[in-house]
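In what follows, a structure is listed as structure tokens, so that the remarks can point back to it.
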Amino acid sequence: DQQVKQNSPSLSVQEGRISILNCDYTNSMFDYFLWYKKYPAEGPTFLISISSIKDKNEDGRFTVFLNKSAKHLSLHIVPSQPGDSAVYFCAAPYSNNRKLIWGLGTSLAVNP
Amino acid sequence: DTGVSQDPRHKITKRGQNVTFRCDPISEHNRLYWYRQTLGQGPEFLTYFQNEAQLEKSRLLSDRFSAERPKGSFSTLEIQRTEQGDSAMYLCASSGTPEQFFGPGTRLTVL
């Protein structure tokens, strides 16, 4: 059972435009969400997080929005840059041990 | 550099051999996690340490896998009698807060 879902395997945007990456979840007990960026052959890099008590968190070009009623979150990157091209994962800590449950990722390509 | 480090970065081994990976977490973090990632998938949880205590092991972790974290510092993950299905990226993360910070991973290829 995929508790965290990223339904778009890939996304292509033009440099300077907005990138919107989506994530849905099924477990209403999740209280925190994280976005990671991953380049091939490297470990995931933490980007931004949001607590379930908030609906928005912003850090520079990155903003995460949380809609609890829809069990949906999105990551906005504005403006998109070619260096943002990578696979983006949505994840949520689960259980007392806070192990991360991950989506399958969305591959973002930002074209110059 | 005070991030998470992993060694080796790459390991090629023959089926049936034993391999051991090392993870050095961020020094002030007491939580340490191991994950495994295969192509096209998100990372899958393997095991969790709080300080030196191994508090959870995934069903993915067969009897051929063992992990330790002596003295609550670095951690090792050993795979005995490797199989081709063990080929994957093995990721280590440490955490003192909700955010987990990952090392560069160890890419294992079993021939």
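A simple spin-label model places pseudo-atoms 7 Å from Cα toward Cβ; at residue B:7 and residue B:109 they are separated by 2.3 nm. The phi-based Karplus calculation (6.51 cos²θ - 1.76 cosθ + 1.60; θ = phi - 60°) puts the 3J(HN,Hα) values of the range B:8-17 at x, 7, 9, 9, 10, 9, 8, 3, x, 7 Hz, whole numbers, x for Gly and Pro.
A crude spin-label estimate for the pair residue B:58 and residue B:74, with each label 7 Å from Cα along the Cβ direction, gives 2.4 nm. Residues in the range A:83-95 carry Karplus couplings, in order, of x, 7, 5, 5, 9, 10, 10, 9, 8, 9, x, 9, 6 Hz; the curve used is 6.51 cos²θ - 1.76 cosθ + 1.60 with θ = phi - 60°, and Gly or Pro positions show x.
If you take the Cα centroid of the range A:74-105 and the Cα centroid of the range B:35-111, the two points sit 19 Å apart.
Quotient of the Cα radius of gyration of the protein assembly as shown and 2.2 N^0.38 Å, N being its number of residues: 1.02. Of the residues B:66, B:94, A:108, the one whose Cα sits farthest towards the positive end of the charge dipole of the protein assembly as shown is B:66 (charges of +1 on Lys and Arg Cβ, -1 on Asp and Glu Cβ, taken about the Cα centre).
Charging the Cβ of each Asp and Glu at -1 and of each Lys and Arg at +1, and nothing else, the dipole of chain B about its Cα centre rounds to 420 debye. Given +1 at the Cβ of Lys and Arg, -1 at the Cβ of Asp and Glu and no other charges, the dipole of chain A around its Cα centre is 160 debye to the nearest 20. When the protein assembly as shown is described by a simple charge dipole with +1 on each Lys and Arg Cβ and -1 on each Asp and Glu Cβ, the residue from B:33, A:2, A:89 located farthest towards its positive end is A:2. With a 10 Å cut-off around each Cβ of A:92-103, the average count of Cβ atoms from other chains is 6.
Per-residue Cβ counts within 10 Å, from other chains only, averaged over B:91-99: what number is that? Provide the component values of the computation, followed by the final result.
Details: counts 4, 1, 5, 0, 3, 0, 3, 10, 9.
Taking the mean over all residues of the peptide, I get 4.
Shape summary: chain A maps onto an equivalent ellipsoid whose semi-axes, from the alpha-carbon gyration tensor, are 23, 15, 12 Å in decreasing order. Pair-distance distribution of the range A:1-58: all C-alpha pairs, bin width 10 Å, starting at 0; shares per bin in whole percent are 17, 45, 34, 5. Which residues in the range A:7-51 have a backbone N closer than 17 Å to a point placed 7 Å from the Cα of residue A:72 along the Cα-to-Cβ line? Under cut-off, by backbone N: A:7-9, A:19-28. Of all aspartates and glutamates in the structure, those lying under 20 Å Cα to Cα from residue B:71, and not within fewer than 8 positions of it along the same chain, are B:7, B:24, B:28, B:52, B:56. Restricting to DSSP loop positions (anything but H, G, I, E, B) with no more than 13 other Cβ atoms inside 10 Å of their own Cβ, which trypsin sites (Lys or Arg not before Pro) remain in the range A:1-40? Qualifying residues, ordered by number: A:17.
Taking the square roots of five times each eigenvalue of the Cα gyration tensor of chain B, the equivalent ellipsoid has semi-axes of 22, 14, 13 Å, listed largest first. Listed by chain and number, the lysines whose alpha-carbon sits under 27 Å from that of residue A:68, ignoring those within fewer than 8 places in the same chain, are A:5, A:37, A:38, A:54, A:56, A:99.
Under 17 Å of direct C-alpha separation, and excluding same-chain neighbours fewer than eight residues apart, residue B:11 reaches these aspartates and glutamates: A:42, B:78, B:83, B:86.
Every number here is computed from the coordinates shown, using simple stated rules; none is lab data. Remember, it's a predicted structure, so these values are computed and weren't measured experimentally. Note: ideal-geometry Cβ built from the backbone for every residue, glycine included; neighbour counts use all protein chains shown.
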